[in-house]
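Student: Handing you a structure now.
The values are calculated or read from the model by the stated rules, or taken from the named source; none is laboratory data. Quick caveat, the model's predicted, so the values are computed rather than measured. When we count neighbours, we look across all protein chains shown, and the Cβ atoms used for this are built from the backbone with ideal geometry, even at glycine. SASA here: full protein model, heavy atoms, side chains in, ligands and nucleic acids out. Shrake-Rupley method; radii C 1.70, N 1.55, O 1.52, S 1.80 Å.
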Amino acid sequence: MLETLDARLAQGHGGELGHLDFLQVLCQDEITRRETVAFQRRLLRAKFEQQVTLEEFDFTASSKLPAAQIRDLGALRWLHAGESVILFGPVGVGKTHVAQALGHLAVRQGAHVRFAKTSRILADLAGGHADRTWEKRIRELVRPDVLILDDFAMRQLNATQADDLYELVSERQGRSLIITSNRAPSDWYPLFPNPVVAESLLDRLINTSHQVIMNGPSYRPNKRPKNPTSKPDHPEIK
């Protein structure tokens, strides 16, 4: 409370605050400070590639974007219901932006979020098989309220990767996932070497998800600097 104590004492001496008001305002200052620190901590742990929000997303970039559906997802009813979100469509339409923006909204509401490329998660779990820390690593992925799997179903999976995804989705039953993919969910099945694993995993995942088809021209040209001589050094939006 020391950070705002002098300012509140000055208000009290100036007659702006009564004794009870002074105590209430001072306590509210501390509550706000703690909430801000907790928010920044959750934001850091989310490991977003970019700090983007739904408010700054350009829905006018394409008339084919399902703006109403995406804004409705911003209410986070899916999160409170333990449901998932699948964003799929061609490269560059803003899937990763929307996924991280929904994650940012969840962080603002007090949820714990984790963002990662699907390939990196599979590589991390593979490392767990090698050094016998698999159980610990998968627990860390099960823990967040929202897990964002970016670039899902990019390539053919081997048997171990398919099994790891099955375990991850199974263990996260009732906890939300946000998935971005360049392929439609119906095209994911052939990427799994075992049809039984594919059917069990994807049927469970797809049937509890809100599917958002993001189509249209690339969103990336809208994010480029207007000066053609400048070269961006930040990650591109997907």
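Student: With θ set to phi - 60°, apply the Karplus curve 6.51 cos²θ - 1.76 cosθ + 1.60 along segment 104-117 and write out the HN-Hα couplings as whole Hz, x wherever there is a Gly or Pro.
Tutor: Using θ = phi - 60°, the values come out as 5, 4, 5, 4, 4, 8, x, 7, 9, 10, 9, 10, 6, 5 Hz.
Student: Between Gln211 and Ala130, how many nm apart are label points set 7 Å from Cα along the C-beta direction?
Tutor: 3.6
Student: Heavy atoms only, probe 1.4 angstrom, no DNA, RNA or ligands counted: give me Asp203, Asp151 ranked by accessible area, highest first.
Tutor: My answer, sorted largest first, is Asp203, Asp151.
Student: Evaluate the distance, in nm, between pseudo-label points positioned 7 Å from the Cα of His80 and of Asn158 along their respective Cα→Cβ axes.
Tutor: Roughly 4.5 nm, to one decimal.
Student: Same structure, new question: Could you give me the ³J(HN,Hα) list for segment 71-85, computed from phi with Karplus coefficients 6.51, -1.76, 1.60 and θ = phi - 60°, whole Hz, x at Gly and Pro?
Tutor: In residue order, the calculated couplings are 5, 5, 5, x, 6, 6, 4, 4, 5, 5, 8, x, 9, 10, 10 Hz.
Student: Rounded if a/c is under 1.5, else prolate if a/b is larger than b/c, else oblate: which is segment 120-173, with a ≥ b ≥ c the root eigenvalues of its Cα gyration tensor?
Tutor: It comes out oblate by the Cα gyration axes.
Student: Excluding Ala81 itself, calculate the net charge of residues whose Cβ lies under 15 Å from the Cβ of Ala81, where each Lys or Arg counts +1 and each Asp or Glu counts -1.
Tutor: Around Ala81, the surrounding residues sum to 0.
Student: Further, regarding this structure: What distance in nm lies between label points placed 7 Å from Cα along the C-beta direction at Arg34 and Asp58?
Tutor: The modelled label-to-label distance comes out at 4.3 nm.
Student: Right, another one. For a quick check of understanding: with a 1.4 angstrom probe and all protein chains in place, what accessible area in square angstrom does Val25 have, to the nearest ten?
Tutor: 40
Student: Also, quick follow-up: Karplus couplings for segment 50-64 from phi (6.51 cos²θ - 1.76 cosθ + 1.60, θ = phi - 60°), rounded to Hz, Gly and Pro as x?
Tutor: Those phi angles translate into 9, 8, 10, 10, 5, 5, 9, 6, 8, 6, 7, 4, 8, 6, 7 Hz.
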